[in-house]
1. Could you please let me know if Ile288 is crowded, with 20+ Cβ neighbours inside 10 Å, modelled with pLDDT of 95 or more and farther than 19 Å from Thr312 by Cα?
2. Can you tell me how many residues within segment 49-68 are of a type in the set (A, V, I, L, M) and in a helix (DSSP H, G or I)?
3. For segment 80-99, check the following and say yes or no: at least one residue is surrounded by fewer than 18 Cβ atoms within 10 Å (Cβ to Cβ), at pLDDT 80 or above, in a strand (DSSP E or B) and out of contact with any Ser or Thr (no Cβ under 8 Å at 6 or more places or on another chain).
4. Taking segment 298-339 only, how many residues are near ligand 1 (Cβ under 10 Å from one of its atoms) and β-branched (Val, Ile, Thr)?
5. When residues of segment 220-233 are filtered for being part of a helix (DSSP H, G or I) and either within 15 Å of ligand 2 (Cβ to nearest atom) or in contact with a His (Cβ under 6 Å, 6 or more places away or on another chain) (or both), how many remain?
6. Return the residues of segment 280-334 that are closer than 18 Å to Leu261 by Cα, aliphatic (A, V, I, L, M) and in contact with a strand residue (DSSP E or B) (Cβ under 7 Å, 6 or more places away or on another chain); say none if nothing qualifies.
7. Taking segment 295-311 only, how many residues are hydrophobic (A, V, I, L, M, F, W, C) and either more than 13 Å from ligand 2 (Cβ to nearest atom) or modelled with pLDDT of 90 or more (or both)?
8. Find the strands (runs of 3 or more DSSP E) located wholly in segment 234-293 whose residues include 3 or more that are away from ligand 2 (no atom under 15 Å from the Cβ) and charged (D, E, K, R), and list them.
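The values are calculated or read from the model by the stated rules, or taken from the named source; none is laboratory data. Please read all numbers here as calculations on a predicted model, not as lab measurements. Every residue, glycine among them, receives a Cβ derived from its backbone with ideal geometry; neighbour counts consider all protein chains shown.
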Amino acid sequence: MSPGGSTLENGELPTGSAASLLQECLACGVLVVNARGRIAACTPEAAAHLRAKAERLRNAPVTSLPAPLPKLIRDAAKSGRPVTNLEILPTLPRRGAMTLRVSILPVKTRTQSQIVVVLNNLTSAPVFEQNMRRLDRLASLGTLSASLAHEIKNGMVAIKTFTDLLVQKNQDTELTEVVSRELQRINAIVTQMLRFAAPKAATFTTIHMHELLDHSLRLLHHQIAGKSISLQRRYEARVDTVRGDDAQLQQAFMNLLLNALEAMNTKGVLTVATEITEGKPGTRWLRIHIQDTGMGIARENLGRLFEPFFTTKKNGTGLGLAISQRIAHEHQGAIQAQGEVNRGSTFSFSLPVLSG
Ligand SMILES: Nc1ncnc2c1ncn2[C@@H]1O[C@H](COP(=O)(O)OP(=O)(O)OP(=O)(O)O)[C@@H](O)[C@H]1O
Ligand SMILES: [Mg+2]
């Protein structure tokens, strides 16, 4: 039992105890016991916590309350010391188990002394507390995974350089190839995690989107080489300047382009097209379409593509589109997906055109 830290002096209400009592009093019940040991007042919540009728409790002697409440109240009255946040299992015959949190505050004024009893039913609290703890854990998981990803990534750079060298020297060694491939996969996951959990502050500059798209396509050259994939550029937008973060936009387009290539596997047509569309008066959008002739998208998956961790791929992280969408939003833009099974897909990225 915790007698609490404050004592009553000069008949004053100890402010610390009163404050904490008020604080926990959101769903609490309150009983007031008079100097004659009878219940002078009782809120409906208190009656509910004690599984009794309020009118039967009013004016009843304290001894009619379930144990151990009578003794606790008597002791507090005698010593003048408050009891704060004591958890009890009151004896409520044939009424099931219940945990109550009790605070008892003897209040002495010049004319009368009373005992205020505050009751909280904790029986349903664990669910709420569990949810709060889970939310807490999720929040810290985000921060934790960001720092973890960061550390892993630093180590990966060195490991990857050396295994690449090993693979070059031992072309036919299956082991080194497996190691290299798996390292690449881990590297991709960690990069995505880092991006998702802790995006670094964006640096906005004027971007020429056609240049950025060309650069992204150049980076994918080796993924296309050796396959029957043809590339079509249809840059129809007369203006291609936007305000944006170069690295972020490139990452978004790499995700979309990689998805398109993965959807086509070894053959198909990859089209990158741009156009200007009119929005509300005075606003123009640069729309970039990444179109493939790949496997397409099942109708039931269309609504889930941008959810983090949604993937239909064996080795996918399911973060690519979630990240791309976040980047689009950070640029006041949007991404839309269209697709039909076996008839290819189109991802359209819209960004406000830089006026002037
Ligand atoms: N061009 C596309 N054609 C068909 N399906 C697509 C296309 N782009 C995305 N998808 C579907 O959306 C899912 C989510 O894509 P997302 O890029 O977020 O993750 P992923 O590609 O599975 O994994 P990661 O990008 O992390 O390697 C994919 O698993 C796939 O089912
Ligand atoms: Mg992807």
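1. On the way: crowded, with 20+ Cβ neighbours inside 10 Å: yes; modelled with pLDDT of 95 or more: yes; farther than 19 Å from Thr312 by Cα: yes.
Yes.
2. Number of matching residues: 3.
3. no
4. 4
5. Residues meeting the conditions: 1.
6. Ile288, Ile290, Ile297, Leu305
7. Total meeting the criteria: 5.
8. Values: elements: 241-244, 267-278, 284-292.
By residue number, 267-278.
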